[in-house]
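Encoded as structure tokens, the structure appears first; notes follow it.
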Amino acid sequence: MNSSREQILSRVNAALAPLAQRAALPDWDREMVILRQAQGLTDAWPLFAERMKAVNGTPLTSVAELVALLEKNNWKHGYCDPALWPSLAAAFPAGFTVETTYDRTRLDDYSFGITAAAGAIAETGTLVISDRGTSSRLGALAPWVHIVVLRRNQIYHDIPAAIAALPQDPNVIWITGPSKTADVEGILIEGVHGPGKQIALLVD
Amino acid sequence: MATQLIDQFAKNLAADTQAAVYDGSKKGHEKRTKLLFDTYADPNRLRELAGEIKQHVIENLDTFLPAVEAKLQSNGVKVHWASSAEDACAAVLGIMQARGDKKIVKSKTMVSEEIELEHYLDKHGIETLETDLGEFIVQIDHDHPSHIVKPIIHKNRREIAKSFEREGLGAYNDDPETITRRARQFLRHKYLAADVALTGANFVSVESGRMVIVTNEGNSRFCLAGTKCHIALIGIEKLVPHDRDLGLLLNLLGRSATAQQLTVYTEFISGPKSAGQPDGPEEMHVVFVDNGRTDVLASECKEILRCIRCGACLNVCPVYRQASGHAYRSVYPGPVGAVLSPLLAGKKFPELADLPKASSLCGACNEVCPVNIPIPDLLLRLREKGKREGAKLAAAGTPPMGAWSLLASQPAAWKTALFGGKIINYLPTKWLPIPPLRAWEAKRTLPEWKGGEFRSWFRNRKVGAVAPNRPDRKPESKEGR
């Protein structure tokens with residue numbers, strides 16, 4: 001392995017040696033990569049909600065709305081981050097089974113998973129989750145419905161801001177809409193390996 | 001005159017495959033154009049910038065590679081280096097054997113295709129399962145991907161339904177939604193039973209050691225939630241200097257590949273899972289792979305190392321649309337493949353020396369490229385290389401020019417030929433000596449042969465002679481024959 005390392009680096013050196021001058025790193029303005037609509041926002045939630053809908057995500061502003069949606073579709077068995085459940089439990093009526101430990105041997109039992117946001121991005125309708133802030137990677141991924149609990153002050157306006165604020169965390173995931181594919185004849189199908197329904201729940 | 005291999009492929013392509021590839025690539029291109037130009041004031045400048053950043057990276061790999069290695073190590077990642085395909089395969093096997101692992105779930109990595117990893121691991125008793133829907137279908141069919149981003153663009157739903165039936169994934173049903181659900185159900189239990197998640201990476205930030213993986217389906221997330229060990233195969237050119245550069249590149253990648261603002265899942269991975277997290281890898285390895293890249297870096301085509309594998313040049317290419325991906329006979333099809341594949345082939349360059357000719361040099365690939373690679377220029381440089389090295393395939397499809405060059409280099413012979421050519425005006429055209437010309441003439445009338453007329457016109461424009469059409473301008477030529 002080590003010999004490969006030396007070999008690669010010496011080949012790189014040899015390849016670059018004849019260059020009289022190396023290409024410089026260009027300077028650029030972050031405004032260039034920001035959507036026009038995302039500039040000069042005061043409240044980022046309306047744009048976030050609009051952009052999230054545009055990628056077939058579901059932004060909700062009350063727990064009651066969430067419960068109604070779950071009941072309507074008969075999604076009654078789920079997983080919830082143990083830190084979030086105490087504040088949500090009261091809104092869930094009898095008939096729901098919500099576990100706060102995700103059991104990976106019963107992957108197919110859970111129809112929804114509720115976990116916490118580490119942020120969101122308004123210009124793209126993106127939810128941000130982090131490894132330290134997510135109680136179970138599988139609980140946020142395997143169920144058909146994934147609900148991310150978000151506070152208004154967690155929403156970044158644009159991608160450059162979200163990158164500048166990337167948390168010190170081994171695994172940060174940006175989620176922009178439900179899991180999807182167009183592999184079969186270019187036809188869009190949602191819910192491939194991950195959630196078929198992606199929900200953002202605003203809690204303030 | 002032999003036709004080019006790629007033309008033969010295009011000719012033998014089934015009509016519905018050709019239509020699928022044509023429509024799929026065309027649609028992809030149109031959506032991309034709309035999205036880019038609707039939302040940004042100056043999308044072209046974005047491409048140029050991204051190109052400049054990537055060019056800076058490849059011209060500074062000597063400092064960036066050791067720097068990113070140190071950063072990754074300080075993040076708790078084990079770094080390996082592989083100068084050849086064999087080394088890369090052996091590195092993966094070594095990691096797995098040391099852990100006693102047997103099963104891999106794989107998210108899309110083009111490098112693994114390049115090094116033919118699956119075949120190698122199979123010989124050593126290790127099972128590899130593709131989890132991207134398209135790649136999974138390619139795998140069960142023992143086929144090859146025909147597009148970088150849409151691997152089964154060449155297949156229709158009926159073929160896929162038959163394959164699923166054959167593999168015991170349910171009775172024949174060609175509804176795309178049913179196909180997707182069946183794959184979902186089958187694969188989700190496989191992630192949990194596997195030992196290792198194998199992925200590629202779209203970018204690695206030198207500044208932070210963060211690796212970025214994008215997928216739409218969520219398969220890479222599942223790989224990294226189900227298994228205990230993560231191995232990432234990464235080409236040495238995948239670096240970006242700073243995290244902020246990702247804002248530009250992710251933007252361009254999603255738009256160029258699938259006309260999305262952002263790909264559904266963008267993962268920033270910088271190490272094994274956090275301590276309190278119940279799911280995911282406790283061990284993480286990065287294998288930096290050369291496999292010909294340093295030769296490309298030393299070549300006159302190093303710009304191709306900017307490529308971020310978005311597939312936009314495939315979608316826009318008139319040759320790709322007609323010929324489909326398999327015609328390129330290598331891992332990377334389309335315009336990028338026509339440059340990269342012969343270069344990565346190393347000693348086998350002559351076998352792919354025809355690919356740089358599979359282009360009309362229309363320039364569309366350069367216009368859409370998110371990192372502004374001058375693909376037509378690179379194709380020309382490779383045509384030259386093929387010629388210089390006398391590669392037989394580089395000459396296929398070229399009209400025989402020997403007689404012409406003999407004539408053109410001898411003025412007396414040329415003049416005689418111009419005069420002698422008049423004979424063609426008196427010959428029946430079915431006697432024309434050149435078959436393509438004869439075919440052309442069958443439907444049209446050949447203009448009268450006027451060999452030598454330009455020369456006499458030119459002679460009359462000698463200094464002092466009156467230029468009949470432009471009395472306002474003095475003749476510039478001082479010589480004439």
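List of remarks:
- Scanning the range A:136-157 for residues that are part of a loop (DSSP other than H, G, I, E, B) and open to solvent by 10 Å² or more (accessible area, probe 1.4 Å) yields a total of 4.
- Number of positions in the range B:83-109 that are outside any loop (DSSP other than H, G, I, E, B) and either hydrophobic (A, V, I, L, M, F, W, C) or more than 11 Å from B:Leu198 (Cβ to Cβ) (or both): 17
- With respect to the conditions (1) polar (S, T, N, Q); (2) out of contact with any helix residue (DSSP H, G or I) (no Cβ under 8 Å at 6 or more places or on another chain); (3) not assigned by TED's automatic domain parsing to the domain that holds B:Arg99, B:Ser299 lacks only one, and its number is (2).
- Checking B:Ile269 against (1) under 23 Å from the mean Cα position of the chain (by Cα); (2) open to solvent by less than 10 Å² (accessible area, probe 1.4 Å); (3) of a type outside the set (S, T, N, Q), the condition it does not meet: (1)
- Considering the range A:89-115, the residues that are among the hydrophobic types (A, V, I, L, M, F, W, C) and buried (at least 22 other Cβ atoms within 10 Å of the Cβ) include one that is farthest from B:Thr266 (Cα to Cα), namely A:Phe112.
- Pairing each residue of the range B:316-335 that is without any contact (Cβ under 8 Å) to a residue 60 or more places away in the chain with any residue that is surrounded by fewer than 24 Cβ atoms within 10 Å (Cβ to Cβ) and not in a helix (DSSP H, G or I), provided the two are 6+ apart or on different chains, yields C-beta distances under 9 Å for B:Pro318/B:Ser360; B:Pro318/B:Cys362; B:Ser330/B:Ala345.
- Whichever residue in the range B:273-286 is among the charged types (D, E, K, R) and in contact with a helix residue (DSSP H, G or I) (Cβ under 9 Å, 6 or more places away or on another chain) and, among such residues, is nearest to the other protein chains (Cβ to nearest Cβ): B:Asp279
- Top-ranked residue of the range B:56-79 - restricted to ones that are within 9 Å of chain A (Cβ to nearest Cβ) and of a type in the set (S, T, N, Q), ranked as most open to solvent (accessible area, probe 1.4 Å): B:Asn75
- On inspection, A:Arg5 passes the criterion of being within 14 Å of chain B (Cβ to nearest Cβ), free of Cβ contacts under 8 Å to residues at least 24 places away in the same chain and part of a helix (DSSP H, G or I).
- Elements of type strands (runs of 3 or more DSSP E) contained in the range B:180-255, each with 1 or more residues being polar (S, T, N, Q) and open to solvent by less than 10 Å² (accessible area, probe 1.4 Å): B:196-199, B:203-205
- Being within 19 Å of the chain's Cα centre (by Cα), of a type in the set (A, V, I, L, M, F, W, C) and open to solvent by 40 Å² or more (accessible area, probe 1.4 Å) holds for only one residue in A:Ala54, A:Ala64, and it is A:Ala54.
- Test: A:Ala164 is more than 27 Å from B:Ala193 (Cβ to Cβ) and without any contact (Cβ under 8 Å) to a residue 40 or more places away in the chain: yes
- Residue match in the range B:1-14 (condition: part of a helix (DSSP H, G or I) and either within 30 Å of A:Ile34 (Cβ to Cβ) or over 22 Å from the mean Cα position of the chain (by Cα) (or both)): no
- In the range B:259-304, the residues that are of a type in the set (Ser, Thr, Tyr) and without any contact (Cβ under 8 Å) to a residue 12 or more places away in the chain: B:Ser274
- Residue list for the range B:28-47, filter: closer than 28 Å to B:Gly325 by Cβ and more than 18 Å from the chain's Cα centre (by Cα): B:Glu30, B:Lys31, B:Thr33, B:Lys34, B:Leu35, B:Leu36, B:Phe37, B:Pro43, B:Asn44, B:Leu46
- Within the range B:34-55, the set of residues being surrounded by fewer than 20 Cβ atoms within 10 Å (Cβ to Cβ) and either hydroxyl-bearing (Ser, Thr, Tyr) or at pLDDT 95 or above (or both) comprises B:Thr39, B:Tyr40, B:Glu48, B:Glu52.
- In the range A:28-40, residue modelled with the highest pLDDT [restricted to those that are over 15 Å from A:Ala162 (Cα atoms) and more than 9 Å from chain B (Cβ to nearest Cβ)]: A:Asp29
- Hits in the range B:329-352 (condition: buried (at least 22 other Cβ atoms within 10 Å of the Cβ), under 9 Å from the mean Cα position of the chain (by Cα) and under 20 Å from B:Ile115 (Cα atoms)): B:Tyr332, B:Pro333, B:Gly334, B:Val336, B:Gly337, B:Ala338, B:Val339, B:Leu340, B:Ser341
- Within the range A:15-25, considering residues that are loosely packed, with under 14 Cβ neighbours inside 10 Å and facing chain B (nearest Cβ under 7 Å), the one nearest to B:Val240 (Cα to Cα): A:Ala24
- Residue match in the range A:120-135 (condition: at the interface with chain B (Cβ under 8 Å from one of its Cβ atoms), more than 25 Å from B:Leu252 (Cα to Cα) and open to solvent by less than 20 Å² (accessible area, probe 1.4 Å)): yes
- Looking only at the range B:287-300, and only at residues there that are crowded, with 24+ Cβ neighbours inside 10 Å and either more than 9 Å from chain A (Cβ to nearest Cβ) or touching a strand residue (DSSP E or B) at 6+ places or on another chain (Cβ under 8 Å) (or both), the one that is farthest from B:Gly334 (Cα to Cα): B:Val287
- Hits in the range A:170-204 (condition: assigned to a loop (DSSP other than H, G, I, E, B), open to solvent by 10 Å² or more (accessible area, probe 1.4 Å) and more than 7 Å from chain B (Cβ to nearest Cβ)): A:Ala182, A:Leu188, A:Gly196, A:Val203, A:Asp204
- The C-beta contact set for the range A:44-55 (first residue assigned to a helix (DSSP H, G or I), second residue surrounded by 18 or more Cβ atoms within 10 Å (Cβ to Cβ) and charged (D, E, K, R), distance under 8 angstrom, 6+ apart or interchain) comprises A:Leu47/A:Glu123; A:Arg51/A:Glu123.
- Checklist (1) in a helix (DSSP H, G or I); (2) more than 18 Å from B:Leu380 (Cβ to Cβ); (3) open to solvent by less than 10 Å² (accessible area, probe 1.4 Å) applied to B:Pro281, failing item: (1)
- Scope the range B:258-272; condition at the interface with chain A (Cβ under 7 Å from one of its Cβ atoms) and not in a loop (DSSP other than H, G, I, E, B); matching residues: B:Tyr265, B:Thr266, B:Glu267, B:Phe268, B:Ile269
- Evaluation of A:Ala94 against (1) over 15 Å from the mean Cα position of the chain (by Cα); (2) in a helix (DSSP H, G or I) (one fails), failing number: (2)
- Filtering the range A:140-168 to residues that are within 7 Å of chain B (Cβ to nearest Cβ) and either under 19 Å from B:Val214 (Cβ atoms) or modelled with pLDDT under 95 (or both) leaves A:Leu141, A:Ile159, A:Pro160, A:Ile163, A:Leu166.
The values are calculated or read from the model by the stated rules, or taken from the named source; none is laboratory data. Bear in mind that the values here come from a model prediction, so they are computed numbers and not experimental data. Quick reminder, even Gly has a Cβ in these numbers, built from the backbone with ideal geometry, and neighbours come from all protein chains shown. These area figures cover heavy atoms from the full protein model, side chains too; ligands, DNA and RNA do not enter into them. Shrake-Rupley method; radii C 1.70, N 1.55, O 1.52, S 1.80 Å.
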